[in-house]
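These notes concern the structure reproduced below.
What follows is calculated from the coordinates using simple rules that are stated; it is not laboratory data. Here the structure is a predicted model, which is why all the values come from computation and not from measurement. So basically every Cβ, Gly included, is an ideal-geometry build from the backbone, and we count neighbours across all protein chains shown.
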Amino acid sequence: MVVPETPNKMYYPPSDLQRDAHVPNFHSYLEAYRKSTEDPEAFWRDVADDFFWKKPATGPMLQYNFDVTKGSIFVKCMEGAKSNVCYNVLDRHVKEKELGEKVAYYWEGNSPDQHTTITYSQLLIQVCRCANVLKQMGVKKGDRVSIYLPMIPELVYSMLACARIGAVHSVVFAGFSSESLCERVMDAQSVVLVTADAVYRGEKLINLKQIADEALEKCRGKTSSSVTKCLVVKHHARRTKGGAACSKLQTPWNMDRDVWWDEAIRGSPEDCEPEWMDAEDPLFILYTSGSTGKPKGVLHTGAGYLLYTSLTFKYVFDHRRDDVYWCTADIGWITGHSYITYGPLANGATSVLFEGIPVYPHVGRYWEIIEKYQVSKFYTAPTAIRLLMKFGREPLQKFDLSSLKIVGTVGEPINSEAWHWFHEEVGQGRCPVVDTFWQTETGGHVLTPLPAATPLKPGSATFPFFGVEPSILNEHGEELEGEAEGYLVFRRPWPGIMRTLYRNHERFENTYFKKFPGFYVTGDGCRRDKDGYYWITGRIDDMMNVSGHLMSSAEVEAALTEHSAVAEAAVVSRPHAVKGECLYCFVTLKDGGEFNPSLVAALKTAVRDKIGPIATPDFIQNAPALPKTRSGKIMRRILRQVARNDKDLGDLSTLADPQVVEILFSQRCETTA
Ligand code: WT7
């Protein structure tokens with residue numbers, strides 16, 4: 001690996017990329033950025049012109065209030081316009097642009113012998129058939145549909161089917177537990193659940209329908225369940241000969257509620273008139289962790305989200321007609337919603353849809369797929385890069401990566417070593433790395449390089465996207481100019497920002513707008529350097545980022561304290577070589593409880609069962625007591641230091657019992673649970 005001579009070296013866009021790029025140099029970025037912020041109305045109207053509107057807007061491109069002291073927070077885009085997102089991402093290409101024969105997705109299964117190709121016209125047909133099935137099940141405009149599926153084509157079909165009939169989809173990552181699914185189905189009050197009989201994860205076969213059934217059972221226990229029908233996909237791999245080996249798997253069935261996807265689709269008509277929706281009608285809900293432990297239902301609406309994901313995709317990946325684009329995220333997260341489903345389809349792009357994992361059946365799986373489909377734009381997470389780095393250069397050298405032109409990352413800050421490995425070994429020194437900063441709430445990229453325009457500094461998400469105005473505030477809410485560090489906030493909306501938290505506008509206002517009236521508060525810390533580059537420094541709340549997934553201390557603590565032996569728990573993050581951060585838990589046992597390996601194992605299982613495998617703690621330490629202030633608040637700063645074995649404790653004067661700290665250090669765990 002080439003180690004850069006100076007850590008602050010800049011990487012300039014390659015000239016061949018600049019030749020016919022959408023934004024070919026830094027000057028044109030600045031010029032377009034200026035226009036987008038000086039006259040957002042004209043800028044976004046231009047973008048909207050590319051799409052189909054059944055009825056034009058009567059209101060401005062953007063209207064908003066970001067100031068809680070002046071009234072309720074709102075954002076509206078293109079009031080009065082009527083359209084349909086599904087029509088814009090499918091029919092428009094098939095009917096108006098003759099892209100019907102173009103490949104929308106190359107689906108690549110968990111196992112390399114599983115793959116299919118889906119063209120735009122095939123996709124449209126499948127979506128319409130699914131839309132008709134949902135209608136038949138009684139789904140109406142505005143109803144919610146929960147989707148709990150692995151990365152199979154039906155996941156995209158069902159999302160777009162919802163969009164087509166005006167239903168609001170709520171995709172739940174298929175790695176979540178039944179408890180997490182239940183909570184999300186109940187909050188959304190979904191009328192239909194779409195799921196599958198099985199999920200493949202490497203060698204493992206997971207009985208997804210059984211987990212879904214447990215979730216629905218739990219919902220019924222709590223209220224009368226809103227779910228009347230459950231549409232079940234038979235996994236492709238289970239229909240073929242190879243799948244027969246797994247036929248032992250028993251799919252639990254409820255005759256009154258459950259319907260096999262294949263049987264329902266079979267007789268379903270191939271066309272379905274789109275529901276013409278108001279610009280601000282909801283498109284989807286996506287749950288994200290909240291610091292109280294209760295997930296937040298981030299709500300996105302149609303028109304603005306369509307414009308924003310489409311434009312960011314086009315510019316950030318400098319989309320070309322003959323690209324093959326691959327984003328390795330799961331559609332269960334916002335990255336997949338915006339940059340596997342909506343953004344790429346809005347551009348008529350060809351994408352790879354990958355069900356598997358990076359290390360199965362071998363550690364060169366990603367590189368194999370890049371070669372197989374001649375991927376030109378590759379978007380992944382720092383955690384995946386760090387995982388694959390461990391296997392060295394050899395797995396890479398077995399495959400031809402010369403098709404790559406641009407590579408990108410998302411989800412967490414990328415450390416310098418991982419950046420350089422990605423740039424030099426994967427991108428072969430030729431491909432710009434677009435480090436994209438954004439959130440479930442922002443809908444799309446907000447701080448990001450443009451590959452042919454922005455000189456890169458490894459680890460910096462560089463500059464704002466068009467229409468986005470970042471600012472850095474200090475504790476008193478004062479805007480800091482020039483070189484500075486503080487709270488990252490945004491001064492005004494862009495079309496793709498969330499509109500509310502589902503059925504909880506008050507929490508929406510409190511979480512994002514209350515601390516600094518007039519600004520959207522991201523919850524991230526940020527530094528601006530002397531050249532104006534933005535550097536995300538990490539969360540400044542109790543959220544932890546494990547492998548690019550946000551998690552709150554509160555939700556993990558709730559899972560731990562449910563165990564009968566535990567009196568109290570506190571969870572912090574600790575740096576981890578692959579995951580970025582991992583969970584370090586402190587548990588105080590009830591009187592008479594014994595801290596031993598079997599308890600540790602039981603607690604780990606409790607967290608997995610309650611939230612899902614992504615939340616599995618790496619460390620669980622006995623804490624005879626927790627460090628608290630005199631008013632009883634846990635001092636997490638100290639716990640973070642114990643977890644990191646950092647004894648530079650500073651001011652402990654607010655601590656009720658300073659002795660606690662010493663005991664905690666003496667009982668630290670060095671090895672993982
Ligand atoms: C949080 C949002 C955006 C899709 C995936 C995560 C962190 C995200 C970066 C980046 C540094 C990043 C932030 C943010 N984050 N991208 N490029 N550099 N940090 O979506 O689950 O809503 O998490 O992820 O802390 O607030 P999310």
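Which listed residue (His22, Phe422, Met78) has the Cα farthest towards the positive end of the charge dipole for the chain, taking +1 on Lys and Arg C-beta and -1 on Asp and Glu C-beta about the Cα centre?
The one lying farthest along the dipole's positive direction is Met78.
Quick one: of Lys35/Lys76; Lys515/Lys604; Lys294/Lys514; Lys9/Lys530, which pairs are farther than 24 Å apart, Cα to Cα? Write down the numbers at each step before the final one.
Values: Lys35/Lys76 20 Å; Lys515/Lys604 35 Å; Lys294/Lys514 19 Å; Lys9/Lys530 14 Å.
Where the Cα-Cα span goes over 24 Å, the pairs concerned are Lys515/Lys604.
Based only on the alpha carbon positions, what is the Kirkwood hydrodynamic radius of the chain, in angstrom?
About 25.9 Å, per the Kirkwood formula over Cα pairs.
Got a sec? Charge dipole of the chain, +1 on Cβ for Lys and Arg, -1 for Asp and Glu; which of His115, Ile385, Asn622 is way out at the positive end?
His115
Highest first, please rank the peptides 46-52, 199-205, 576-582 by the mean number of other Cβ atoms sitting within 10 Å of their residues.
Working: 46-52: 15.4, 199-205: 17.1, 576-582: 19.3.
Order by mean packing, descending: 576-582, 199-205, 46-52.
Among the DSSP beta bridges whose two residues both lie in segment 547-666, what percent are antiparallel, rounded to the nearest 5?
Close to 75 percent.
What does the charge dipole of segment 84-357 about its Cα centre add up to, to the nearest 20 debye, if the Cβ of each Lys and Arg holds +1 and the Cβ of each Asp and Glu holds -1?
With Lys and Arg at +1 and Asp and Glu at -1, about 400 debye.
Can you tell me what share of the DSSP beta bridges in the chain is antiparallel? A percent to the nearest 5 is fine.
On the way: 60 of 100 bridges.
Rounded to the nearest five, the antiparallel share is 60 percent.
With both partners inside segment 84-357, how many of the DSSP beta bridges are antiparallel, as a percent to the nearest 5? The partial results should precede the final answer.
Numbers: 14 of 39 bridges.
So the antiparallel bridges in segment 84-357 amount to around 35 percent.
For the peptides 253-261, 463-471, what is the packing order when you average, over each peptide's residues, the other Cβ atoms within 10 Å and list the highest mean first? Before the final figure, lay out each step's value.
On the way: 253-261: 13.9, 463-471: 22.0.
In decreasing order of mean packing, 253-261, 463-471 become 463-471, 253-261.
If a/c stays under 1.5 just call it rounded; otherwise compare a/b with b/c (prolate if a/b is bigger, oblate if not). Do that for segment 547-666, with a ≥ b ≥ c from the square roots of the Cα gyration tensor eigenvalues. Numbers along the way, then the final one.
Details: a/c = 1.81, a/b = 1.25, b/c = 1.45.
Because a/c hits 1.5 or more and a/b fails to exceed b/c, segment 547-666 counts as oblate.
Can you give the charge dipole size of the chain about its Cα centre, rounded to the nearest 20 debye, using +1 on the beta carbon of Lys and Arg and -1 on the beta carbon of Asp and Glu? The partial results should precede the final answer.
Numbers: 76 positive and 83 negative charges, 204 e Å.
That gives the chain a dipole magnitude of about 980 debye.
Which listed residue (Ser310, Ala163, Gly518) has the Cα farthest towards the positive end of the charge dipole for the chain, taking +1 on Lys and Arg C-beta and -1 on Asp and Glu C-beta about the Cα centre?
Ala163
Which of the aspartates and glutamates could a cross-linker bridge to Lys248, judged by Cα under 16 Å and excluding same-chain residues fewer than eight apart?
Partners found: Asp197, Glu203.
How fast does segment 232-330 diffuse by Stokes-Einstein, in µm²/s, taking the Kirkwood radius from C-alpha pairs at 10 °C and 1.306 mPa s?
Working: Rh = 18.8 Å.
Result for D is 85 µm²/s.
Based on the Cα atoms of segment 84-357, what semi-axes does the equivalent ellipsoid have, where each is the square root of 5 times one gyration tensor eigenvalue, given in whole Å with the largest first?
On the way: eigenvalues 142, 98, 68 Å².
Listed largest to smallest, the semi-axes of segment 84-357 are 27, 22, 18 Å.
Taking amide H positions as placed in the peptide plane 1.01 Å from N, state which residues far from Lys82 in sequence (5 or more) or on other chains have amide H under 5 Å from it.
HN-HN under 5 Å from Lys82: Lys54, Lys55.
Quick one: which residues, 5 or more positions from Val168 or on another chain, have an amide H under 5 Å from its amide H? H modelled 1.01 Å from N in the peptide plane, none for Pro or chain starts.
Here Gly142, Asp143, Arg144, Val145 satisfy the definition.
Any chance you could run the full-extension gain for Phe52 through His476? It's 0.36 nm times the residue separation minus the Cα-Cα distance, nm to one decimal. Walk me through the numbers before you get to the answer.
Numbers: separation 424, 0.36 × 424 = 152.64 nm, distance 4.51 nm.
Additional length available on full extension: 148.1 nm.
For segment 351-462, what is the Kirkwood hydrodynamic radius in Å, using each pair of distinct C-alpha atoms? Provide the component values of the computation, followed by the final result.
On the way: mean 1/r = 0.0698 Å⁻¹.
Result for segment 351-462 stands at 14.3 Å.
Arg491 label point, 7 Å along Cα→Cβ, cut-off 11 Å on backbone N: hits in segment 455-476?
468-472
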